[in-house]
Amino acid sequence: MRKELERLREEMRQAGCDAYITADCDDHLGEYTDRHFNCMEFISGFTGGDGTLVVTMEEAGLWTDGRYFIQAEKELKGSGITLMKEGQPDCPEMLSWIREHIPVGGTLGFDGKTVSFRRAKELERKLALKGIGLSADNDLIAKIWIKGRPAPREEKIWILPEQYAGKSAGEKLAELKSDLREKGAGACLLTAADEIAWLLNLRGDDIPYCPTFASFFLMDGEQSTLYISKPHLTEETKRYLSDLGLRTETEVLKVYEDIRALRSDVIVIDDLQTSWNMVQNIPAEKDVIFSLTPAAIRKNRKNEVECENLRKAQQKDCAAVTKFMYRFKKEMASGSLTECGTADLLYELRAEQEGFLGESFATISAYGENAAMCHYSPSRERDVIIRPRGLYLVDSGGHYPEGSTDITRTWACGPLTQEEKEAYTMVACANLRLADAVFPKGTNGLTLDYAVRELFWKKGMDFNHGTGHGVGYLLNVHEGPANIRFRANSSTVCDRMEEGVYVSDEPGLYVEAKFGIRLENMLLVVKDHENDFGQFLTFETMTYVPFDREAMEPSLMTEEDKRLYNTYQRNVFEKMSPFLTEEENVWLRKICEDGVKFM
């Protein structure tokens, strides 16, 4: 039993809470947070970063998805917390579990600054059936996490030039105002860090791997205000914001006061990104439109300049990863490679690329059974040696002024079992089939997902994560609303594939205690053809790094699968060879062009 769990229960008793709910979340409700806000991790010891912890006086449960099942089982062992595997048949629905474990007339506590209005409203509605009330002013974690808690980061922000953003912040602000008029609204509140950064062409460094900064933004009629703490600002950014006609408020919490004094009659708010406490401050007589904000919708579709820049960013990044594959294969026989050492080497090769700004997330470098954990993190304290057999998986990405990347490759380290080769081939074919899809404009990710999972489902297999997610332009490596998946959720109506959407293609297969395989490329939605049936779209493949010929089993492939594979490998050689040395090109030709003979 973790002592932090017991201390939380003591605070719950004093606060009169029968249950308490928490997650690793800050006031901006994004997926990524600074370590200061890792409250779930502090209580549970689970480092996966995506989940929800519910604690009662007698029991505790942590809900997370299939990306983290294996990891969570290990980290929660002996903690007194039960792992709840979301999406599995025997997993209780969280709200039902809460309702069953709180007495009639009881109280559920949470920190209302870090729970979305939509989630809290759902809790309120369903728990009211049992007379259970909410207590939203209970930041109980702050009362027990005092010693050793990291301070929130407040790094200087910087301006992203228009040559990279493709559009000035002034134009974006004008578009936001126009979009609000179309909705019949005069105000819009932005709380998501990436939306504000995109809107104002600003970037920061408050969250590791995410070039964003903590702030709020309110457009209310003719007045727009950025609420941002003073340490974030430089003289240059102060002038920049002033030239945009923005009011800058360094007392960040004044946003609550300004919302209470809202001048416009109608305000647009994303209730999944805005906290319960924030919405409670909107005057009752004001009309609220709960929807994705216009900024989120426009950010999702990359403009022409962003698209062209992303091609340049991918060119740099793919050159680095292809060089890394060459070095990995060459040095594999030495027996000196480790999970951390290979991650370091990949970082060094990326750092050689012009304009490299840093990794877009912590590199997943996993050998053998470790790769069966989708979000495994290598440890320097127990650095694993990569043996000349089995499979190695590396999931990584980089930030450049021209955009952000995300790529996963799995490579043979030596001899493979037939099971490993069959699994690898299935994953590779699934990846290439999705990239070859042609579909009508407006098709959503739920429909496209079958292009990938058909191969798995026919064999009674599956993978417990989405097939694809959007990636921000020098922003978060996970960006909504674009996604490809088969399980519907509350944002399903907003995930339609539109021209300019930049989305990943990453099927995988994971066998606990054996191996994990994932192959990920980035795709860009582009126009295909138009006829009497409407506008059709397709994908432009953005990532060109070889698949591992040594891991393929041609007997399992259809003729179309072979065509797609050979075409992709040829394109890899054509696009990457200008950036490689003569020795690297000899190797690349063998695994790419000779792959045709191999098939």
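The values are calculated or read from the model by the stated rules, or taken from the named source; none is laboratory data. Predicted model only: the values in this text are computed from it and were never measured. Every residue, glycine among them, receives a Cβ derived from its backbone with ideal geometry; neighbour counts consider all protein chains shown. Areas reflect the complete protein model, heavy atoms only, side chains present, ligands, DNA and RNA absent. Shrake-Rupley method; radii C 1.70, N 1.55, O 1.52, S 1.80 Å.
The figures follow:
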| read-out | value |
| --- | --- |
| Residue in region 64-76 that is hydrophobic (A, V, I, L, M, F, W, C), in contact with an Asp or Glu (Cβ under 6 Å, 6 or more places away or on another chain) and modelled with pLDDT of 95 or more present | no |
| Test result for THR342, open to solvent by less than 60 Å² (accessible area, probe 1.4 Å), closer than 19 Å to THR581 by Cβ and assigned to a helix (DSSP H, G or I) | no |
| Complete set of residues in region 530-567 that are part of a loop (DSSP other than H, G, I, E, B), of a type outside the set (S, T, N, Q) and either buried (at least 17 other Cβ atoms within 10 Å of the Cβ) or touching a residue at least 24 places away in the same chain (Cβ under 8 Å) (or both) | PHE533, MET542, TYR544, VAL545, PRO546, PHE547, ASP548, MET552, GLU553, MET557 |
| Selection status of LYS126, assigned to a helix (DSSP H, G or I), surrounded by fewer than 17 Cβ atoms within 10 Å (Cβ to Cβ) and touching a residue at least 12 places away in the same chain (Cβ under 8 Å) | yes |
| Odd one out for ALA295 among (1) part of a helix (DSSP H, G or I); (2) closer than 24 Å to GLY166 by Cβ; (3) free of Cβ contacts under 8 Å to residues at least 40 places away in the same chain | (3) |
| Subset of region 291-318 [aliphatic (A, V, I, L, M), surrounded by 23 or more Cβ atoms within 10 Å (Cβ to Cβ) and more than 30 Å from SER264 (Cβ to Cβ)] | LEU310, ALA313 |
| Criterion: more than 30 Å from ALA197 (Cβ to Cβ) and open to solvent by 20 Å² or more (accessible area, probe 1.4 Å) - qualifying residue of ASP90, ASP27, ASP65 | ASP90 |
| Test: residue in region 11-24 that is small (Gly, Ala, Ser), under 25 Å from ASP270 (Cβ atoms) and either open to solvent by 10 Å² or more (accessible area, probe 1.4 Å) or in contact (Cβ under 8 Å) with a residue 12 or more places away in the chain (or both) | yes |
| Any chance THR64 is within 18 Å of the chain's Cα centre (by Cα) and of a type in the set (Ser, Thr, Tyr) | yes |
